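K.L.:
Before anything else, here's the structure in question.
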Amino acid sequence: MVKIKCPIEVLQIANDIKTMKIRGAGRIARAAAKALKIAAEKYEGPDDVEVFIAYIDHAAKILLETRPTAVSLPNAIMYVITRLRRKRPINMAEAKALVAKLSNEFIKYSLTATEEIGIIGSRRILSGDVVLTHCNSTAALSVIIHAHKQGKDIKVYATETRPKFQGHITVRTLLSEGIDVTLIPDSAVRYIMKKVNKVIVGADTVAANGAVVNKIGTSNIALAAHEARVRVFVAAETYKFSPATVIGELVEIEERDPREIVDEKYLKENPNVTVRNPAFDITPPEYIDAIITEEGLIPPQAAYLILIEKFGWIIQDYFISKYPSRGEDEE
Amino acid sequence: MPSKVIVSKLIQDIISWNIRSSTELVERTFETLETLTKKSASINDLVLNTTHVISEVIKVRPTSAMLINCSRDILAVLNKVVGERLKLDESKTAILNKLMELRQKITDDIERIATIGANRIVSGDKIMTSAYSRTVMKIFEKALEQNKKFEVYITESRPGDDGKIVASELGKLGLKVTLILDSAMRYFMKYVTKVFLGAEAVAANGAVISKVGSSLMALIAHEARVRVFIAASTLKFNYETVFGELVKIPHAPEETILPKEVKQKIGELVKTEIPILDVIPPEYVDAIITEYGVIAPQAIPLLMRDVLRAWPLQATDVYVVIDRILKAINNG
């Protein structure tokens, strides 16, 4: 089969994602979806749908290779690709239009998701609630801000979130909305839990079993909340759900530079001290009461439902790529 | 330096977390008492100085059981001084001897606890701890002397970042130390075999008051079926709690986590809540290592009885004793 070259604009976007010129889960996802649309529009190969699909697959592969660990990226790409295959367009015009439509659809979905999460989640917040949040999650803050705008009287505790103090950004955002917010050290989450009646955090990745990968410290909070019978809500757009985990892939936890915690001088002066700085931890589903997605509020154990509904064919593709023999059997 | 200045410097050091361990807090209080005792020009002076130091320090650290218990002993001497109308130099000697005796007891206790605690460590252990505990560090030192091969995970321990200092000191002993964030406790607990923590106070029901974050660590250890050991001398037993007294948790000043310039940037309306201690419920404590041996937290009242050689216990409020002494001297 002929390989059609990938347009320069698509390569440029791929490069921008790779060099982190484009960053943030949502922005990466939208850029990738847009790149596929551009690829479809710029297609100059033969009038053969099969060739066109192979060409889009090729562009997708280039984009996928930019950031192998971010889950939003493969999800954006697979959103387009799997639906394209599923629809089996009969001619080129239909195929091109379909990619454009799917790409637009994904971008719109990603843009509106946080807003919808805010609306859905805010229904769970009552006047008088005391909410604890960790790190700085746009989706979690969307829930709090929506509830506040509905006139609900809420008090928020925000952890400072070492090492990078993302809690300060959370404080600033909430204060600018006129919300009562108190900053606490990460070590005080169990102490404060008896004053709290809801925990709302974001997610980096949601695994197939409903486990949530999020900023380090999230699982401390979820456990302390569980002990105190305080409800834990995770606000997560569906593109944060990881199809790869369905086939048993593990979510890799990034360990970052120790100099985020201590300075160079400290490391030099203390050769016997190792400083370890994992960026994320995993909260097991049993400590999560619900995941608030733009599609609705689900128990974490129902993550599989979202994965199958949103990314069903991706999962099948993963199976085929991992276990070719099994894929052939199914054909 | 005038007495008032000496006392206010001590108080400032406590509030601003320059004194990290509760044993050190007591030692620094003793030093101040010693200086002021020597400076006192009359019995009146001696009584006022001593009661002033004690009441000011307890006001800012009402949770420190060792401080309260030692103060009670010192006040008993003062009571005797006033009651028996001792001469000034006799009185000074009595107070100084008491301070020396208590100091010796604290040192001996740490030594015995360290010996017992070190027995609990075996080669291959990965021990997690938090905050600055003189006693826990001594346990590690002893175990190291016994050539046990183990390593220690220490949390940063905000506010105050005690963990950075502990990691550094343990590292210098030649111990393999890993410094982690407070947030990373649960992440690393699966690699850990034991948790060792120090204490500010042990309540009658076996609850342990320790640096904030300790109760989170104990909960996380409990979840992971990791044993939690508390190193605490019986001087840290909080006898008042037998009578149902609740322990009030002191808070650190805002600047300990939020420097002024950061506050300006994120918004002046932000509030902070920075407890310096929290309470570990007895169900998350596997054993308390005292100078009398290892006991279950639920057996604390028993040990309290043995230490005081009395039941029901008697623990008069320190402020009541101070009032009584001051009244006696005014009437005298």
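K.L.:
Looking only at the stretch A:123-310, where both bridge partners belong to it, what percent of the DSSP beta bridges are antiparallel (to the nearest 5)?
P.N.:
35
K.L.:
Still on this structure: What is the ratio of the Cα radius of gyration of the protein assembly as shown to 2.2 N^0.38 Å, where N is its residue count, to two decimals?
P.N.:
Relative to the 2.2 N^0.38 Å estimate, the protein assembly as shown comes out at 1.18.
K.L.:
Is it possible to state the helix-based mean residue ellipticity at 222 nm for chain B, with each DSSP H run of 4+ residues giving -39500 (n - 2.57), the sum divided by total residues, to the nearest 500 deg cm²/dmol? What is it?
P.N.:
Calculated at 222 nm, the ellipticity per residue is -16500 deg cm²/dmol.
K.L.:
While we're looking at this one, here's another question. First measure r as the distance between the Cβ atoms of residue A:27 and residue A:319, then evaluate 1/(1 + (r/R0)^6) with R0 = 30 Å and state the FRET efficiency to the nearest 0.05. Write out the running numbers ahead of the final one.
P.N.:
Values: r = 30 Å, r/R0 = 0.99.
That pair, residue A:27 with residue A:319, gives E of 0.50.
K.L.:
Using alpha carbon coordinates only, what is the Rg to Rh ratio of chain B, with Rh defined as the Kirkwood radius?
P.N.:
That ratio is 0.99, to two decimals.
K.L.:
Can you tell me the length gained on complete extension of the stretch residue A:153 to residue A:228, counting 0.36 nm per residue apart and subtracting the Cα distance?
P.N.:
Gain in length upon complete extension: 24.8 nm.
K.L.:
Take the Cβ-Cβ distance between residue A:123 and residue B:283 as r, set R0 to 45 Å, and report the resulting FRET efficiency rounded to the nearest 0.05.
P.N.:
Working: r = 36 Å, r/R0 = 0.80.
In this case the efficiency is close to 0.80.
K.L.:
Evaluate peptide A:188-197: per residue, the Cβ atoms of other protein chains within 10 Å of its Cβ; return the mean as an integer.
P.N.:
Per residue, the average neighbour count from other chains is 5.
K.L.:
Over chain A, what relative contact order in percent results from Cα pairs under 8 Å that are six or more residues apart?
P.N.:
15
K.L.:
Taking 8 Å as the Cα distance limit and 6 or more residues as the minimum spacing, I'd like the relative contact order of chain B as a percentage.
P.N.:
Taking the mean separation of contacting Cα pairs over the length of chain B, I get 19 percent.
K.L.:
If you line up the long axis of helix B:214-223 against the longest principal axis of chain B, both from Cα atoms, how many degrees apart are they, to the nearest 10?
P.N.:
Tilt relative to chain B: about 40 degrees.
K.L.:
With helices defined as uninterrupted DSSP H runs, which ones in chain A have an alpha carbon span along their own long axis of at least 24 Å and mean Kyte-Doolittle hydropathy of at least -0.5?
P.N.:
Span-like helices, by this rule, are A:25-41, A:92-122.
K.L.:
Moving on. Once R0 is set to 60 Å, what does the formula 1/(1 + (r/R0)^6) return for the Cβ-Cβ distance between residue B:328 and residue B:115, expressed as a FRET efficiency to the nearest 0.05? Walk me through the numbers on the way to the answer.
P.N.:
Numbers: r = 43 Å, r/R0 = 0.71.
Computed FRET efficiency for residue B:328 and residue B:115: 0.90.
K.L.:
Starting from the Cα-Cα distance between residue A:48 and residue A:104, subtract it from 0.36 nm times their residue separation and give me the gain in nm to one decimal.
P.N.:
Roughly 17.8 nm would be gained on extension.
K.L.:
How charged is the neighbourhood of residue B:322? Take every other residue with its Cβ under 12 Å from the Cβ of residue B:322, and add Lys/Arg as +1 and Asp/Glu as -1.
P.N.:
+1
K.L.:
Let me ask something else about it. If you fit an axis through the alpha-carbon atoms of helix B:65-83 and take the longest principal axis of the Cα set of chain B, what angle between them do you get, 0 to 90°, nearest 10?
P.N.:
10
K.L.:
Among the aspartates and glutamates, select those whose C-alpha is under 18 Å from the C-alpha of residue B:327, and discard any that sit fewer than 8 residues away in the same chain.
P.N.:
B:45, B:84, B:317
K.L.:
Jot down the radius of gyration and Dmax of the stretch A:123-310, Cα atoms only, both in angstrom.
P.N.:
Reported Rg and Dmax, both Å: 17.1, 55.
K.L.:
Considering only DSSP beta bridges where both residues belong to the protein assembly as shown, give the percentage that are antiparallel (nearest 5).
P.N.:
Roughly 30 percent of the beta bridges in the protein assembly as shown run antiparallel, per DSSP.
K.L.:
Using the Kirkwood radius built from alpha carbon pairs, what does the Stokes-Einstein equation give as D for the stretch B:1-124 at 4 °C and 1.567 mPa s, in µm² per second?
P.N.:
Rounded to a whole number, D works out at 84 µm²/s.
K.L.:
Also: Out of the DSSP beta bridges found with both residues in chain A, what percent are antiparallel (nearest 5)?
P.N.:
Antiparallel bridges make up about 35 percent of those DSSP assigns within chain A.
K.L.:
Anyone know which of A:264, A:115, A:50 comes out most mobile in the 10 Å Cα GNM of chain A?
P.N.:
For chain A, modelled as a Gaussian network with Cα springs under 10 Å, the answer is A:264.
K.L.:
Need the list of lysines near residue A:240 for cross-linking: C-alpha distance under 17 angstrom, and skip anything on the same chain fewer than eight residues off.
P.N.:
Within reach: A:108, A:215, A:310.
K.L.:
Starting from the Cα-Cα distance between residue A:176 and residue A:308, subtract it from 0.36 nm times their residue separation and give me the gain in nm to one decimal. Walk me through the numbers on the way to the answer.
P.N.:
Details: separation 132, 0.36 × 132 = 47.52 nm, distance 3.90 nm.
The span from residue A:176 to residue A:308 would gain 43.6 nm if fully extended.
K.L.:
Let me ask something else. Which order do the peptides B:3-9, A:133-139 take when ranked by the mean count of other beta-carbon atoms within 10 Å per residue, highest first?
P.N.:
A:133-139, B:3-9
K.L.:
Hand me the trypsin sites (Lys or Arg not before Pro) from the stretch B:282-332 located in a DSSP loop with no more than 12 other Cβ atoms within 10 Å, in residue order please. Intermediate values should be presented prior to the final figure.
P.N.:
On the way: sites: B:305, B:309, B:324, B:327; in loops: B:309.
When the trypsin sites (Lys or Arg not before Pro) of the stretch B:282-332 are filtered for loop state and at most 12 Cβ neighbours within 10 Å, B:309 remain.
K.L.:
What longest region of chain B stays clear of GluC sites (Glu not before Pro) that DSSP places outside H, G, I, E and B and that have at most 12 other Cβ atoms within 10 Å?
P.N.:
B:85-267
K.L.:
Could I ask something else about it? Quick one: net charge of residue A:280's neighbours, Cβ under 11 Å, K/R +1, D/E -1? Can you show the working numbers first?
P.N.:
Numbers: positive: A:215, A:256; negative: A:204, A:252, A:254, A:255, A:281.
Net charge in that neighbourhood comes out at -3.
K.L.:
Straight-line reach from residue A:322: which lysines have Cα under 19 Å away, leaving out those fewer than 8 places along the same chain?
P.N.:
Within the straight-line limit of under 19 Å, residue A:322 reaches these lysines: A:61.
Computed from the coordinates by the stated procedures, all read-outs in this text should not be read as laboratory data. What you see is a predicted model; the values in this text were computed from it and never measured. Here Cβ is always computed from backbone atoms with ideal geometry, including for glycine, and neighbour counts include all displayed protein chains.
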